[in-house]
Amino acid sequence: MKVTEHIAAAKGKTLFSFEIIPPKKGRSIQELYDNIDPLMEFKPPFIDVTTSREEYIYIDRDGLLDKKLTRMRPGTLGICASIKHKYDVDTVPHVLCGGFTKEETEYLLVDCQYLGIDNVMALRGDAMKEQRYFEATNGGHQYAKDLVEQIANMNRGNFLHEVVETDNCSNFCVGVAGYPEKHIEAPSLLSDLKRLKEKVDAGADYVVTQMFFDNKRFFEFCDKAKEYGIDVPIIPGIKPLAIKKHLQLLPQVFKIDIPQDLVDAVEACKDNKAVRQVGVEWAAQQSKELMDAGVPVLHYYSMGKSDNIKAIAKTVF
Ligand code: FAD
(Lines give C-alpha, C1' and ligand atoms only; values in the text may rest on other atoms or scores of the structure.)
Protein backbone atom coordinates (compact mmCIF):
# COMPACT_ATOMS: atom_id res chain seq x y z
CA MET A 1 0.00 0.00 0.00
CA LYS A 2 1.17 3.52 -0.73
CA VAL A 3 2.30 5.88 2.05
CA THR A 4 -0.36 8.34 0.87
CA GLU A 5 -3.01 5.60 1.09
CA HIS A 6 -1.93 4.79 4.66
CA ILE A 7 -2.27 8.48 5.51
CA ALA A 8 -5.72 8.69 3.91
CA ALA A 9 -6.85 5.49 5.67
CA ALA A 10 -5.75 6.89 9.07
CA LYS A 11 -8.43 9.63 8.70
CA GLY A 12 -6.45 12.31 10.53
CA LYS A 13 -4.87 10.04 13.15
CA THR A 14 -1.09 10.50 13.36
CA LEU A 15 0.84 7.38 12.33
CA PHE A 16 4.16 6.11 13.66
CA SER A 17 7.02 5.18 11.33
CA PHE A 18 10.78 5.01 11.40
CA GLU A 19 13.91 4.75 9.31
CA ILE A 20 16.64 2.17 9.67
CA ILE A 21 20.18 2.07 8.37
CA PRO A 22 21.49 -1.25 7.02
CA PRO A 23 24.25 -2.59 9.28
CA LYS A 24 27.83 -2.60 7.96
CA LYS A 25 28.59 -5.53 5.72
CA GLY A 26 29.65 -8.72 7.40
CA ARG A 27 26.97 -8.32 10.10
CA SER A 28 23.70 -10.24 10.23
CA ILE A 29 20.16 -9.09 9.48
CA GLN A 30 19.22 -10.47 12.90
CA GLU A 31 20.71 -7.27 14.34
CA LEU A 32 18.16 -5.26 12.38
CA TYR A 33 15.30 -7.53 13.43
CA ASP A 34 16.35 -7.14 17.08
CA ASN A 35 15.97 -3.39 16.70
CA ILE A 36 12.75 -3.53 14.72
CA ASP A 37 10.96 -6.08 16.98
CA PRO A 38 10.43 -3.71 19.93
CA LEU A 39 8.91 -1.04 17.65
CA MET A 40 6.32 -3.22 15.92
CA GLU A 41 3.81 -2.84 18.79
CA PHE A 42 3.30 0.78 17.57
CA LYS A 43 2.08 -0.58 14.22
CA PRO A 44 4.20 1.35 11.73
CA PRO A 45 2.46 1.21 8.33
CA PHE A 46 5.84 1.66 6.65
CA ILE A 47 9.54 1.49 7.47
CA ASP A 48 12.23 3.35 5.50
CA VAL A 49 15.58 1.76 4.71
CA THR A 50 18.43 4.10 3.83
CA THR A 51 21.00 3.62 1.09
CA SER A 52 24.65 4.51 1.56
CA ARG A 53 26.80 5.93 -1.17
CA GLU A 54 29.75 4.01 -2.48
CA GLU A 55 33.10 5.02 -1.03
CA TYR A 56 36.77 4.60 -1.74
CA ILE A 57 38.92 2.34 0.41
CA TYR A 58 42.68 2.12 0.23
CA ILE A 59 44.31 -1.33 0.34
CA ASP A 60 47.99 -1.66 1.20
CA ARG A 61 49.66 -3.86 -1.44
CA ASP A 62 53.35 -4.18 -0.56
CA GLY A 63 53.63 -0.55 0.39
CA LEU A 64 51.55 0.76 -2.52
CA LEU A 65 48.03 1.94 -1.84
CA ASP A 66 45.41 0.49 -4.15
CA LYS A 67 42.25 2.64 -4.39
CA LYS A 68 39.02 0.60 -4.66
CA LEU A 69 35.38 1.53 -4.78
CA THR A 70 33.07 -0.31 -2.40
CA ARG A 71 29.82 -0.12 -0.47
CA MET A 72 30.14 -0.51 3.28
CA ARG A 73 26.49 -1.35 3.93
CA PRO A 74 24.70 -4.07 1.99
CA GLY A 75 21.57 -4.14 -0.07
CA THR A 76 18.79 -1.78 0.85
CA LEU A 77 16.39 -3.57 -1.46
CA GLY A 78 17.12 -7.04 -0.02
CA ILE A 79 16.56 -5.67 3.47
CA CYS A 80 13.30 -4.03 2.36
CA ALA A 81 12.07 -7.31 0.89
CA SER A 82 12.92 -9.34 3.99
CA ILE A 83 11.38 -6.84 6.41
CA LYS A 84 8.27 -6.55 4.26
CA HIS A 85 7.71 -10.27 4.27
CA LYS A 86 8.75 -10.97 7.85
CA TYR A 87 6.57 -8.25 9.41
CA ASP A 88 3.93 -7.76 6.71
CA VAL A 89 4.69 -4.04 6.64
CA ASP A 90 5.38 -1.71 3.74
CA THR A 91 9.00 -0.77 3.27
CA VAL A 92 10.42 2.27 1.54
CA PRO A 93 13.84 1.88 -0.06
CA HIS A 94 15.84 5.08 -0.45
CA VAL A 95 16.91 5.43 -4.08
CA LEU A 96 19.87 7.73 -4.75
CA CYS A 97 21.09 9.66 -7.78
CA GLY A 98 24.71 9.49 -6.59
CA GLY A 99 26.51 6.27 -7.49
CA PHE A 100 23.92 4.98 -9.95
CA THR A 101 23.44 5.33 -13.68
CA LYS A 102 19.90 5.81 -14.94
CA GLU A 103 19.95 2.24 -16.23
CA GLU A 104 20.98 0.86 -12.83
CA THR A 105 18.19 2.89 -11.27
CA GLU A 106 15.74 1.40 -13.73
CA TYR A 107 16.88 -2.16 -12.84
CA LEU A 108 16.46 -1.31 -9.17
CA LEU A 109 12.95 0.06 -9.71
CA VAL A 110 11.96 -2.96 -11.80
CA ASP A 111 13.15 -5.17 -8.91
CA CYS A 112 11.16 -3.05 -6.44
CA GLN A 113 8.03 -3.52 -8.50
CA TYR A 114 8.68 -7.26 -8.80
CA LEU A 115 9.00 -7.52 -5.01
CA GLY A 116 5.74 -5.68 -4.41
CA ILE A 117 7.33 -2.52 -3.04
CA ASP A 118 4.91 0.36 -3.59
CA ASN A 119 6.91 3.31 -2.28
CA VAL A 120 10.35 4.75 -2.93
CA MET A 121 12.13 7.74 -1.47
CA ALA A 122 13.92 9.65 -4.26
CA LEU A 123 17.08 11.40 -3.09
CA ARG A 124 20.13 12.94 -4.63
CA GLY A 125 22.58 11.66 -2.00
CA ASP A 126 25.53 13.59 -0.65
CA ALA A 127 28.93 14.17 -2.18
CA MET A 128 31.39 11.32 -1.77
CA LYS A 129 33.85 11.76 1.11
CA GLU A 130 36.64 12.91 -1.23
CA GLN A 131 34.42 15.41 -3.06
CA ARG A 132 33.76 18.95 -1.96
CA TYR A 133 30.51 19.12 -3.92
CA PHE A 134 28.11 16.52 -5.23
CA GLU A 135 29.05 15.38 -8.72
CA ALA A 136 26.57 13.42 -10.78
CA THR A 137 27.67 9.90 -11.60
CA ASN A 138 28.48 9.40 -15.26
CA GLY A 139 25.12 8.52 -16.83
CA GLY A 140 23.26 9.32 -13.60
CA HIS A 141 21.08 12.17 -12.37
CA GLN A 142 22.22 15.54 -11.05
CA TYR A 143 19.21 16.34 -8.88
CA ALA A 144 16.51 14.40 -7.06
CA LYS A 145 13.95 16.06 -9.33
CA ASP A 146 15.44 14.24 -12.33
CA LEU A 147 15.14 10.94 -10.47
CA VAL A 148 11.51 11.71 -9.60
CA GLU A 149 10.92 12.33 -13.31
CA GLN A 150 12.41 8.95 -14.20
CA ILE A 151 10.13 7.21 -11.69
CA ALA A 152 7.09 9.18 -12.88
CA ASN A 153 7.96 8.16 -16.45
CA MET A 154 8.12 4.51 -15.42
CA ASN A 155 4.74 4.91 -13.75
CA ARG A 156 3.46 5.99 -17.17
CA GLY A 157 5.08 2.96 -18.79
CA ASN A 158 7.95 4.95 -20.30
CA PHE A 159 11.15 3.04 -19.70
CA LEU A 160 14.61 4.23 -20.74
CA HIS A 161 15.45 3.72 -24.39
CA GLU A 162 11.91 2.39 -24.87
CA VAL A 163 13.25 -1.14 -24.52
CA VAL A 164 10.54 -2.55 -22.26
CA GLU A 165 7.10 -3.17 -23.62
CA THR A 166 4.65 -3.74 -20.82
CA ASP A 167 1.06 -3.17 -19.89
CA ASN A 168 2.10 -3.61 -16.28
CA CYS A 169 3.24 -0.06 -15.46
CA SER A 170 4.74 0.62 -12.08
CA ASN A 171 2.67 2.69 -9.70
CA PHE A 172 5.21 3.93 -7.18
CA CYS A 173 4.33 6.45 -4.54
CA VAL A 174 7.34 8.77 -4.38
CA GLY A 175 8.71 10.51 -1.30
CA VAL A 176 11.26 13.32 -1.41
CA ALA A 177 13.34 15.19 1.17
CA GLY A 178 12.46 18.63 2.56
CA TYR A 179 14.55 20.87 4.79
CA PRO A 180 12.82 23.08 7.40
CA GLU A 181 16.15 24.87 7.97
CA LYS A 182 17.07 24.70 4.25
CA HIS A 183 19.44 22.30 2.54
CA ILE A 184 23.08 23.01 3.28
CA GLU A 185 23.85 24.00 -0.33
CA ALA A 186 20.76 26.12 -0.95
CA PRO A 187 21.33 29.88 -1.02
CA SER A 188 18.06 30.54 0.85
CA LEU A 189 15.08 28.72 2.31
CA LEU A 190 12.83 30.15 -0.38
CA SER A 191 15.02 28.96 -3.23
CA ASP A 192 15.16 25.52 -1.59
CA LEU A 193 11.35 25.52 -1.36
CA LYS A 194 11.20 26.39 -5.04
CA ARG A 195 13.30 23.28 -5.70
CA LEU A 196 11.00 21.25 -3.49
CA LYS A 197 8.02 22.47 -5.51
CA GLU A 198 9.81 21.31 -8.67
CA LYS A 199 10.14 17.82 -7.16
CA VAL A 200 6.44 17.77 -6.32
CA ASP A 201 5.52 19.03 -9.80
CA ALA A 202 7.70 16.26 -11.26
CA GLY A 203 5.62 13.65 -9.43
CA ALA A 204 6.58 13.45 -5.74
CA ASP A 205 3.63 12.37 -3.59
CA TYR A 206 4.88 13.29 -0.14
CA VAL A 207 7.78 14.96 1.68
CA VAL A 208 9.79 13.72 4.66
CA THR A 209 11.80 16.38 6.43
CA GLN A 210 15.31 16.54 7.68
CA MET A 211 15.54 16.38 11.49
CA PHE A 212 14.82 19.58 13.42
CA PHE A 213 14.70 20.30 17.13
CA ASP A 214 12.50 23.37 17.16
CA ASN A 215 8.93 22.72 15.99
CA LYS A 216 8.54 26.39 15.12
CA ARG A 217 10.92 25.83 12.18
CA PHE A 218 8.75 22.95 10.95
CA PHE A 219 5.49 24.87 11.25
CA GLU A 220 6.96 27.88 9.40
CA PHE A 221 8.31 25.56 6.72
CA CYS A 222 4.87 23.98 6.22
CA ASP A 223 3.23 27.41 6.00
CA LYS A 224 5.74 28.60 3.40
CA ALA A 225 5.45 25.33 1.48
CA LYS A 226 1.70 25.85 1.30
CA GLU A 227 2.22 29.42 0.06
CA TYR A 228 4.41 27.96 -2.70
CA GLY A 229 1.66 25.57 -3.73
CA ILE A 230 3.18 22.44 -2.20
CA ASP A 231 0.05 20.54 -1.26
CA VAL A 232 1.34 16.99 -0.62
CA PRO A 233 1.64 15.58 2.93
CA ILE A 234 4.72 16.80 4.82
CA ILE A 235 6.02 14.24 7.33
CA PRO A 236 8.29 15.51 10.11
CA GLY A 237 11.52 13.58 10.67
CA ILE A 238 12.46 13.37 14.36
CA LYS A 239 15.81 12.41 15.78
CA PRO A 240 16.38 12.12 19.52
CA LEU A 241 19.81 13.35 20.62
CA ALA A 242 21.73 10.41 22.01
CA ILE A 243 25.30 11.48 22.74
CA LYS A 244 26.95 14.72 23.85
CA LYS A 245 28.93 14.86 20.60
CA HIS A 246 25.67 15.39 18.68
CA LEU A 247 25.76 19.02 19.84
CA GLN A 248 28.70 19.63 17.49
CA LEU A 249 28.13 16.87 14.95
CA LEU A 250 24.53 17.55 13.89
CA PRO A 251 24.90 21.30 13.27
CA GLN A 252 28.14 20.63 11.39
CA VAL A 253 26.79 17.87 9.15
CA PHE A 254 23.21 19.04 8.62
CA LYS A 255 23.47 22.79 9.30
CA ILE A 256 20.60 22.69 11.77
CA ASP A 257 20.15 24.71 14.96
CA ILE A 258 19.78 23.17 18.37
CA PRO A 259 17.66 25.29 20.75
CA GLN A 260 19.59 26.72 23.70
CA ASP A 261 17.38 24.97 26.29
CA LEU A 262 18.29 21.62 24.75
CA VAL A 263 21.98 22.53 24.55
CA ASP A 264 21.94 23.52 28.24
CA ALA A 265 20.15 20.31 29.25
CA VAL A 266 22.64 18.14 27.33
CA GLU A 267 25.66 20.04 28.64
CA ALA A 268 24.45 19.51 32.19
CA CYS A 269 24.43 15.71 31.71
CA LYS A 270 27.17 13.77 33.43
CA ASP A 271 27.24 10.93 30.88
CA ASN A 272 25.69 9.78 27.60
CA LYS A 273 23.06 7.72 29.42
CA ALA A 274 21.72 10.97 30.83
CA VAL A 275 21.98 12.60 27.36
CA ARG A 276 19.91 9.79 25.90
CA GLN A 277 17.20 10.48 28.49
CA VAL A 278 17.22 14.20 27.71
CA GLY A 279 17.00 13.34 23.99
CA VAL A 280 13.99 11.09 24.60
CA GLU A 281 12.17 13.71 26.69
CA TRP A 282 12.80 16.48 24.13
CA ALA A 283 11.71 14.35 21.18
CA ALA A 284 8.61 13.15 23.05
CA GLN A 285 7.65 16.76 23.77
CA GLN A 286 8.24 17.69 20.13
CA SER A 287 6.20 14.70 19.00
CA LYS A 288 3.22 15.52 21.21
CA GLU A 289 3.09 19.08 19.91
CA LEU A 290 3.39 17.92 16.30
CA MET A 291 0.67 15.35 16.84
CA ASP A 292 -1.62 17.99 18.35
CA ALA A 293 -0.97 20.08 15.24
CA GLY A 294 -2.25 17.16 13.14
CA VAL A 295 0.88 15.93 11.33
CA PRO A 296 0.07 12.80 9.29
CA VAL A 297 3.01 10.72 10.48
CA LEU A 298 5.78 11.01 13.07
CA HIS A 299 8.83 9.53 11.38
CA TYR A 300 11.82 8.68 13.60
CA TYR A 301 15.47 8.33 12.68
CA SER A 302 16.46 5.24 14.62
CA MET A 303 20.17 5.19 13.73
CA GLY A 304 20.49 1.47 14.46
CA LYS A 305 19.21 1.51 18.05
CA SER A 306 15.57 1.45 18.98
CA ASP A 307 15.38 1.71 22.79
CA ASN A 308 15.06 5.51 22.70
CA ILE A 309 12.49 5.46 19.86
CA LYS A 310 10.45 2.94 21.84
CA ALA A 311 10.59 5.15 24.93
CA ILE A 312 9.33 8.12 22.90
CA ALA A 313 6.59 6.13 21.16
CA LYS A 314 5.38 4.78 24.52
CA THR A 315 4.70 8.28 25.80
CA VAL A 316 3.22 9.61 22.53
CA PHE A 317 1.19 6.80 20.91
P1 FAD B 1 17.91 17.72 -4.23
O2 FAD B 1 16.46 17.85 -4.06
O3 FAD B 1 18.43 17.38 -5.58
O4 FAD B 1 18.58 19.08 -3.74
C5 FAD B 1 19.97 19.18 -3.53
C6 FAD B 1 20.39 20.64 -3.56
O7 FAD B 1 20.32 21.12 -4.89
C8 FAD B 1 19.50 21.57 -2.74
O9 FAD B 1 20.32 22.56 -2.17
C10 FAD B 1 18.55 22.16 -3.76
O11 FAD B 1 18.07 23.43 -3.35
C12 FAD B 1 19.46 22.25 -4.97
N13 FAD B 1 18.80 22.15 -6.27
C14 FAD B 1 17.81 21.32 -6.63
N15 FAD B 1 17.52 21.46 -7.93
C16 FAD B 1 18.36 22.41 -8.41
C17 FAD B 1 18.56 23.03 -9.69
N18 FAD B 1 17.84 22.68 -10.75
N19 FAD B 1 19.54 23.97 -9.81
C20 FAD B 1 20.28 24.34 -8.73
N21 FAD B 1 20.11 23.80 -7.50
C22 FAD B 1 19.18 22.88 -7.36
N23 FAD B 1 21.30 10.45 1.84
C24 FAD B 1 21.81 9.24 1.51
O25 FAD B 1 22.94 9.15 1.02
N26 FAD B 1 21.06 8.09 1.74
C27 FAD B 1 19.83 8.13 2.26
O28 FAD B 1 19.20 7.07 2.43
C29 FAD B 1 19.27 9.40 2.62
N30 FAD B 1 18.04 9.50 3.16
C31 FAD B 1 17.52 10.75 3.46
C32 FAD B 1 16.22 10.84 3.97
C33 FAD B 1 15.69 12.10 4.30
C34 FAD B 1 14.30 12.19 4.86
C35 FAD B 1 16.47 13.26 4.11
C36 FAD B 1 15.92 14.61 4.49
C37 FAD B 1 17.75 13.17 3.60
C38 FAD B 1 18.29 11.92 3.26
N39 FAD B 1 19.57 11.80 2.72
C40 FAD B 1 20.08 10.56 2.39
C41 FAD B 1 20.42 12.97 2.54
C42 FAD B 1 20.28 13.61 1.14
O43 FAD B 1 20.72 12.71 0.15
C44 FAD B 1 21.12 14.88 1.13
O45 FAD B 1 20.57 15.84 1.99
C46 FAD B 1 21.46 15.46 -0.23
O47 FAD B 1 22.51 16.38 -0.04
C48 FAD B 1 20.31 16.18 -0.92
O49 FAD B 1 19.37 15.30 -1.35
P50 FAD B 1 17.97 15.84 -1.99
O51 FAD B 1 17.27 14.63 -2.45
O52 FAD B 1 17.30 16.74 -1.05
O53 FAD B 1 18.56 16.66 -3.24
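Values for this structure:
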item: Qualifying residue in region 158-179 (condition: within 16 Å of the ligand (Cβ to nearest atom) and without any contact (Cβ under 8 Å) to a residue 12 or more places away in the chain); result: no
item: Neighbours by Cβ (under 6 Å, 6+ apart or cross-chain): first from region 113-137, farther than 30 Å from HIS85 by Cα and small (Gly, Ala, Ser); second away from the ligand (no atom under 13 Å from the Cβ) and assigned to a strand (DSSP E or B); result: none
item: Region 96-112: number of residues that are in a helix (DSSP H, G or I) and either within 13 Å of the ligand (Cβ to nearest atom) or farther than 12 Å from ASP146 by Cβ (or both); result: 9
item: Region 119-166, residues that are touching a His at 6+ places or on another chain (Cβ under 8 Å), part of a helix (DSSP H, G or I) and not aliphatic (A, V, I, L, M); result: GLN150
item: Residue list for region 92-117, restricted to those being in contact with a Phe, Trp or Tyr (Cβ under 9 Å, 6 or more places away or on another chain) and within 12 Å of SER170 (Cβ to Cβ); result: GLU106, LEU108, LEU109, VAL110, CYS112, GLN113, ILE117
item: Residue in region 195-205 that is farther than 15 Å from VAL295 by Cβ, more than 8 Å from the ligand (Cβ to nearest atom), open to solvent by 10 Å² or more (accessible area, probe 1.4 Å) and not in a helix (DSSP H, G or I) present; result: yes
item: Pair list, Cβ < 6 Å and 6+ apart or interchain, from region 47-65 residues that are free of Cβ contacts under 8 Å to residues at least 40 places away in the same chain and open to solvent by 30 Å² or more (accessible area, probe 1.4 Å) to residues that are within 16 Å of the ligand (Cβ to nearest atom) and of a type outside the set (A, V, I, L, M, F, W, C); result: SER52/ARG73; ILE57/THR70
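The values are calculated or read from the model by the stated rules, or taken from the named source; none is laboratory data. A quick note: this is a predicted structure, and the numbers were derived from the prediction, not measured. Positions of Cβ are generated from backbone atoms using ideal geometry, with glycine treated the same way; all protein chains shown enter the neighbour counts. In case anyone asks, the SASA skips ligands and DNA or RNA and just uses the protein heavy atoms, side chains included. Shrake-Rupley method; radii C 1.70, N 1.55, O 1.52, S 1.80 Å.
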